[in-house]
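Input: a single structure, listed below in structure tokens.
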Amino acid sequence: MSENSPQQLVWMITGCSTGFGRRFVPAILRKGDKVIATARKLSTIENLANEVSEQGLDASNLKTLELDLEWNTAKLAGVVNEALKVWGRIDVLVNNGGVGMKSLIEEADAQKFARQFQINMFGHVDVINSVLPSMRARRSGTILVFGSRSSWRPELPVRNLKLDDTCYWVLLTSYSSGNCEGLYASSKAAFTAYAETLATEIALFSIRVLIVQPSSFRTENMLTYPYHDDKRIPEYDFLREKALAGAGSLHGNQPGDPVKAVELVVDVVRGEGKAKGKKFPRYLPLGSNAGQAIKEKTEIMKSVLEEWGDIIGSELDYETIGGTKMEYS
Ligand SMILES: NC(=O)c1ccc[n+]([C@@H]2O[C@H](COP(=O)([O-])OP(=O)(O)OC[C@H]3O[C@@H](n4cnc5c(N)ncnc54)[C@H](OP(=O)(O)O)[C@@H]3O)[C@@H](O)[C@H]2O)c1
């Protein structure tokens, strides 16, 4: 492949210290592509070049930069400008960095939500906005947004609860991957809705959006973020303790292999391997539990529509609009 042939893509990734982000780097280099790996602290990725060299990969196709998603808009734009200067373009932007703050909803205030949203969504919005002008100018580019299965099933703690005869909630199992993840799931749902809209707006410029929705993958830190502790409401003690035990028991036992996941994502972007011949998707749910969560949520919504029918739909419309009787097909 020549230096700037369309087949040789330039990738930029946030959150490469651990997890999916770190594993993307060799998967991308193995294809002959170039990668700008970023991390909140540069020291966490300074040995990446040695790591990839030891795997027989070309470390000259790797550049590392510092990028903290909690930085302000101007500082994030500065890093993107620096990244654009490295090889003159960014073909694929991977919005991967994130944290899973643990809290029960009532025990978190708006500031906690704001921090969760800053890291998992707002920082990415600034990065994306800084990359888009160059992609629009070239009428080409791919934006990857890391959503999550949890946005399809944020109510996991309740799924494991049942009302007993005395109307107390009883925890049926102590195992659940999603307990205490209301802040996280909210941020991922918002980021997903944002990406869905973005996709329709930037399709005009031949820029693609891929919404990746992993379920439980065995990465280093996604489940290790400490529970925030400054407001404990005693009535929730039982639920909180069970929820935290559930999250603790899942860490290290997640079924998903992140190496297999990133290799598939790279193939999807490049239209190769297992993705060859398939249409580029808007959504990429990943892992054995993702499909189940999506099916369940779809069934719930279908049953609501079936049970309530026109009572919640056309019966709420005006009889006429502008003098015309409305007809819907
Ligand atoms: N693993 C799963 O099961 C799963 C499921 C659904 C979605 N996801 C999503 O996948 C993405 C990657 O997570 P992971 O599973 O690979 O977990 P991980 O091992 O915890 O990696 C998360 C990465 O995000 C970085 N990060 C955290 N705060 C940041 C900030 N302020 N600025 C820049 N980077 C920051 C971390 O850097 P530091 O080390 O410097 O903190 C780390 O590199 C996340 O968006 C996550 O929500 C994961």
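The values are calculated or read from the model by the stated rules, or taken from the named source; none is laboratory data. This is a predicted model, so every value here is computed, not measured. Ideal geometry is used to build each Cβ from the backbone, glycine not excepted, and the neighbour counts take in all protein chains shown. Heavy atoms of the whole protein, side chains included, go into the accessibility calculation; ligands, DNA and RNA do not. Shrake-Rupley method; radii C 1.70, N 1.55, O 1.52, S 1.80 Å.
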Query raised in the report: What is the sum of charges around residue 135, taking Lys and Arg as +1, Asp and Glu as -1, for the other residues whose C-beta is under 12 Å from the C-beta of residue 135?
Result: +4
Query raised in the report: residue 233 to residue 193: extension gain in nm, 0.36 nm per residue of separation minus the Cα-Cα distance?
Result: 11.2 nm
Query raised in the report: If we count every other residue with Cβ under 10 angstrom of residue 22's Cβ, Lys/Arg +1 and Asp/Glu -1, where does the sum land?
Result: -1
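Which shape class applies to segment 1-67: rounded if a/c is under 1.5, otherwise prolate when a/b exceeds b/c and oblate if not, where a ≥ b ≥ c are the square roots of the Cα gyration tensor eigenvalues? Mind dumping the intermediate values first?
Working: a/c = 2.02, a/b = 1.53, b/c = 1.33.
Prolate is the answer for segment 1-67, as a/c is 1.5 or above and a/b outweighs b/c.
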**Report entry** Whether segment 241-325 is rounded, prolate or oblate, judged on the alpha carbon gyration tensor where a/c under 1.5 counts as rounded
**Finding:** oblate
**Report entry** the chain: angle of helix 237-250 to the longest principal axis, Cα-based, in degrees nearest 10
**Finding:** 40 degrees
Requested in this report: Report the full-extension gain for the segment residue 224 to residue 7: residue separation times 0.36 nm, less the Cα-Cα distance, to one decimal in nm.
Outcome: 74.3 nm
Report summary line: Over the chain, the sum of -39500 (n - 2.57) across DSSP H runs of at least four, divided by residue number and rounded to 500 deg cm²/dmol, gives at 222 nm -12500 deg cm²/dmol
Query raised in the report: By per-residue mean of other Cβ atoms within 10 Å, what is the highest-first order of 299-308, 227-236?
Result: 227-236, 299-308
Report task. Of all alpha-carbon pairs in segment 6-135, indicate the percentage at a distance above 20 angstrom. Result -> 45 percent
Query raised in the report: Cα centroid distance between segment 41-55 and segment 193-262, in Å?
Result: 25 Å
**Report entry** Solvent accessible area, Å² - residue 311, 1.4 Å probe, full protein context
**Finding:** 90 Å²
Report summary line: Residues other than residue 205 with Cβ under 11 Å of its Cβ, Lys/Arg counted +1 and Asp/Glu -1, net out at +3
Query raised in the report: Label residue 260 and residue 312 with points 7 Å out from Cα along Cα→Cβ: what is the distance between them in nm?
Result: 3.7 nm
Report summary line: For segment 172-329, the percent of all C-alpha pairs falling in each 5 Å bin, from 0 up to the bin holding the max distance, is 1, 7, 10, 13, 15, 14, 13, 10, 8, 5, 3, 1, 0
Query raised in the report: With springs only between Cα atoms under 10 Å, which of 219, 298, 192 fluctuates most in a Gaussian network model of the chain?
Result: 298
Report task. Calculate the length of the line joining the C-alpha centroid of segment 103-144 to that of segment 271-316, in whole Å. Result -> 24 Å
Query - Stretchable slack from residue 251 to residue 297, in nm (0.36 nm times residue separation minus alpha-carbon distance) - result: 14.1 nm
Query raised in the report: Using just the C-alpha positions of the chain as equal point scatterers, what log10 of I(q)/I(0) does the Debye formula give at each q in 0.12 1/Å?
Result: -0.90
Query raised in the report: Which angle from 0 to 90°, rounded to the nearest 10, does the C-alpha axis of helix 19-29 make with the longest principal axis of the chain?
Result: 30 degrees
